[in-house]
1. Which percent of the accessible area of the chain is formed by carbon and sulfur heavy atoms (probe 1.4 angstrom)?
2. To the nearest Å, what is the center-to-center distance of the range 189-240 and the range 151-166, using C-alpha atoms only?
3. What are the residues whose amide H is under 5 Å from the amide H of residue 216, where those residues sit 5 or more places off or on another chain and H is modelled from the backbone?
4. Once both axes come from the Cα atoms, what is the angle between helix 148-162 and the longest principal axis of the chain, in degrees from 0 to 90, rounded to 10?
5. Once every Cα of the range 148-299 carries one equal point scatterer and solvent is ignored, give the base-10 log of I(q)/I(0) from the Debye formula at q = 0.09, 0.10, 0.21 Å⁻¹, two decimals.
6. With Rg and the Kirkwood Rh both taken from Cα atoms, where does Rg over Rh land for the chain?
7. Per residue, how much accessible surface does the chain expose to a 1.4 Å probe? Answer in Å², no decimals.
8. Could you state the number of Å between the C-alpha centres of the range 244-297 and the range 99-129?
Amino acid sequence: MLCEKSLSLFPRCLLKKNLLDIKTLNKEDINLILERSHYYKHLTKEGRSFAPVLENKTIANLFFEPSTRTRMSFEKAAINLGGKVINFDSSSSSVQKGETLLDTARTVESLGVEALVIRHPLAGAPSQVAGEVGTPVINAGDGSHEHPTQALLDLFTIKDIKGSLDGLKVFIVGDVLHSRVVRSNIWAFLKMGIEITVVGPYTLMPPGLEEMGIKVKPCLDEELRQADIIYLLRMQKERQQGGLFPTIKEYKKFYGITQDSLKNVKAKGIIMHPGPVVPGIEIEDILTRSPQSVIQEQVKNGVFVRMALLELMLSGEVKN
Ligand code: NCD
């Protein structure tokens, strides 16, 4: 349990300037973010108000791809802390007239903002921008590369429910190859001592997983019994070249979570999904609302984690 006194001991200089990935984030930084997220969840549960640590600060959401939860979660997090948010919509912006990503980023920076939250279909786009602008950049998902704030909120959700992370077993099921969420989560889980098994068609598995100490399985079976967490992924059709798995019916048969496959899961095993869930494919619709599903809890926790992150990156100090 977080004691408020300990917060005053937090260093003044917090985290790096940018959050571009989980791969280069150290365990201490992750723990700092999780601890501060816990504090915000705790305040919320007690109905207490938040200090306006982002007062007079504006966050720009630059989303070049669709998003519901990530964009709105950043927005809610900033507003909760007294900050302001401006949203950019690429379909109605000068991108349509040929403006480049860097020009857009420089333009938004010149408006006078304190952070750029960037989602882009190209891997590496946020880090390219970070190399060109002075404003802190947060990666909100870049191509199939990383989605660091999703991994942080997933770690927080697991820790919040299970009490600790070390030694837990996660089974990640689905399109691992195209998922930026899984790339961030693999780094996050490995750093925090969670054992990983990935399950999916070999055509949707990147090479090198076993070398990282990850178990790879071609289909779901009774081993699912060992899972503390089942982490489901959406078929990222927009990033697939086609012909990677036979049919959706076949995929559902071997990888879909059904009432039947849940029989092989521990009573305390939880089901997670970064969303959006495609009903009836990766999981039977009704199971998304089962007691084992923590999908909505992930969304709720995302706000606390982004509050913690924005505060630690932008406020320069932690106020209680
Ligand atoms: C994911 C994304 O966009 O990377 N969703 C999210 O941000 N919560 C996963 C997906 O699109 O399947």
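1. Heavy-atom surface of the chain belonging to carbon and sulfur, 1.4 Å probe: 53 percent.
2. The range 189-240 and the range 151-166 have Cα centres separated by 18 Å.
3. 198
4. For helix 148-162, the angle is close to 60 degrees.
5. One equal scatterer on each Cα of the range 148-299 leads to -0.24, -0.30, -1.57.
6. Numbers: Rg = 19.6 Å, Rh = 20.3 Å.
That ratio is 0.97, to two decimals.
7. Details: 14240 Å² over 320 residues.
I get 44 Å² per residue for the chain.
8. Computed from Cα coordinates, the inter-centre distance equals 35 Å.
The values are calculated or read from the model by the stated rules, or taken from the named source; none is laboratory data. Nothing here was measured: the structure is a model prediction, and the numbers come from that model. Every residue, glycine as well, gets a Cβ built from its backbone with ideal geometry; the counts of neighbours run over all protein chains shown. Ligands, DNA and RNA are excluded from the accessible area calculation, which covers all protein heavy atoms including side chains. Shrake-Rupley method; radii C 1.70, N 1.55, O 1.52, S 1.80 Å.
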